[in-house]
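Chemist: Below: one structure in structure tokens.
The values are calculated or read from the model by the stated rules, or taken from the named source; none is laboratory data. The structure displayed is predicted, hence computed values, not measured ones. A quick note on method: Cβ atoms are made from the backbone with ideal geometry, for glycine too, and the neighbour counts reach across all protein chains shown.
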Amino acid sequence: MNYEQMSNNKLTLTGTILEVPEFSHEVFGEGFYETKLQVTRLSEQVDILPITISERLIIENDITVGDEVSLQGQFRSYNKMVDDRSRLMLTVFVRDIVSKEACVSSNEIEISGYICKEPIYRTTPFKREICDMLLAVNRAYNKSDYIPCITWGRNARYIKNMPVGTKITVHGRIQSRTYQKTNQEGEISSRTAYEVSVSKITAEVDQVTHDVENECIM
């Protein structure tokens, strides 16, 4: 993996391990496990985020349920068959466990990628402006991660007409969001979405940074 592919997707998180890690898969003889991390916002609300961590890091750091950990890694996507349909799944891939002092924020992410779908702009009943976008972020071995992002206020207005293929860098945090889904039989189920809540955008087209002040839900 070259430097660009290391630096275009980086995050730091501090939170509490909620579940016993379960085996997920093996790569070149190294086992990887999945668990959930509870990250507290400034508002005291919490985000429950999926993480993927190697067996080596679990053993070296003696990680158990209830431990508070600080980690560095990447936000990644993969496809998984669910009910005979391919669904985009998201996870925090843990690269390292670090000291709490090494994390300037309990939840911080920076990714650089290309807008790969036309942004979706809308307003809430309270007239709050929101724009959703999907970023394709390059990874090693000719792979890409597809990361949903949500922007607010001035950033939403700025990004809504950005053409597909534009390269941008976004700063923000990862958030979880629960919503209701109705299937073809009319049955309602609760699902959880994960996305980057964007606080700052830099677009290569003009090299201008657009900041949001007090518009990102914390």
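Chemist: Just to be sure before I move on: is ALA102 under 30 Å from GLY15 (Cα atoms), at pLDDT below 95, out of contact with any His (no Cβ under 9 Å at 6 or more places or on another chain) and not assigned by TED's automatic domain parsing to the domain that holds LYS10 in the structure I sent?
Modeler: no
Chemist: On to the next question. From the list TYR194, TYR114, which one is under 25 Å from VAL82 (Cβ atoms), at pLDDT 95 or above and aromatic (Phe, Trp, Tyr)? Even if it seems obvious, please write down each step before you answer.
Modeler: Details: TYR114 fails: under 25 Å from VAL82 (Cβ atoms).
Just a single option satisfies the conditions, and that option is TYR194.
Chemist: For region 1-111, list the strands (runs of 3 or more DSSP E) that sit wholly inside it and hold at least 3 residues that are in contact (Cβ under 8 Å) with a residue 40 or more places away in the chain and closer than 19 Å to ARG177 by Cα; which are they?
Modeler: Numbers: elements: 9-17, 22-27, 30-40, 46-54, 68-82, 85-98.
Once the strands (runs of 3 or more DSSP E) in region 1-111 are filtered for at least 3 residues that are in contact (Cβ under 8 Å) with a residue 40 or more places away in the chain and closer than 19 Å to ARG177 by Cα, what remains is 9-17, 30-40, 46-54, 68-82, 85-98.
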